[in-house]
Amino acid sequence: MNPLENEIYARVLEAVDDDLSKITQSLHFRVLHKGTVKANIQFGEKYKYYDWASLTKIIFAASASMRLYDLGLLK
């Protein structure tokens, strides 16, 4: 690991008291600067798909509300 990855790794583990499973099953950091990958760290298991089901309601509701507001149909 490079120095940036070491720093990210240490700070994440410090923030969760060395037990990332308390907050999530997986966490992935990818840091890019001007198109170059500077850090690429993964904690936990890698999943091909992520369950967005719990987010779709709020994403749709917020987007629809903003559209209605822009059209002047929502005050």
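The values are calculated or read from the model by the stated rules, or taken from the named source; none is laboratory data. Everything quoted here is computed from the prediction, not taken from an experiment. Positions of Cβ are generated from backbone atoms using ideal geometry, with glycine treated the same way; all protein chains shown enter the neighbour counts. For the accessible areas, the whole protein counts, side chains as well, though only heavy atoms, and no ligand, DNA or RNA atoms are used. Shrake-Rupley method; radii C 1.70, N 1.55, O 1.52, S 1.80 Å.
Things worth noting here:
- Å² per residue, accessible surface of the chain at 1.4 Å: 89
- Stokes-Einstein translational diffusion, segment 26-68 - Kirkwood Rh over all Cα pairs, 1.306 mPa s, 10 °C, in µm²/s: 119
- Taken about its Cα centre, segment 1-46 carries a charge dipole of roughly 360 debye when the Cβ of each Lys and Arg holds +1 and the Cβ of each Asp and Glu holds -1.
- Intensity falloff of the chain expressed as log10 I(q)/I(0), Debye formula with alpha-carbon point scatterers, at q = 0.12, 0.26 Å⁻¹: -0.58, -1.15
- With contributions of -39500 (n - 2.57) from each DSSP H run of at least four residues, the per-residue ellipticity at 222 nm computed over the chain stands at -13500 deg cm²/dmol.
- Solvent exposure ordering (accessible area, 1.4 Å, most first) of Val31, Val37: Val37, Val31
- Accessible-area composition of the chain, carbon plus sulfur, in percent [1.4 Å probe]: 57
- Projecting the Cα atoms of Thr56, Gln42, Leu71 onto the charge dipole of the chain, computed from C-beta unit charges around the Cα centre, puts Leu71 farthest toward the positive end.
- Area of His33 that stays accessible when all protein chains are in place (1.4 Å probe, Å², to 10): 100
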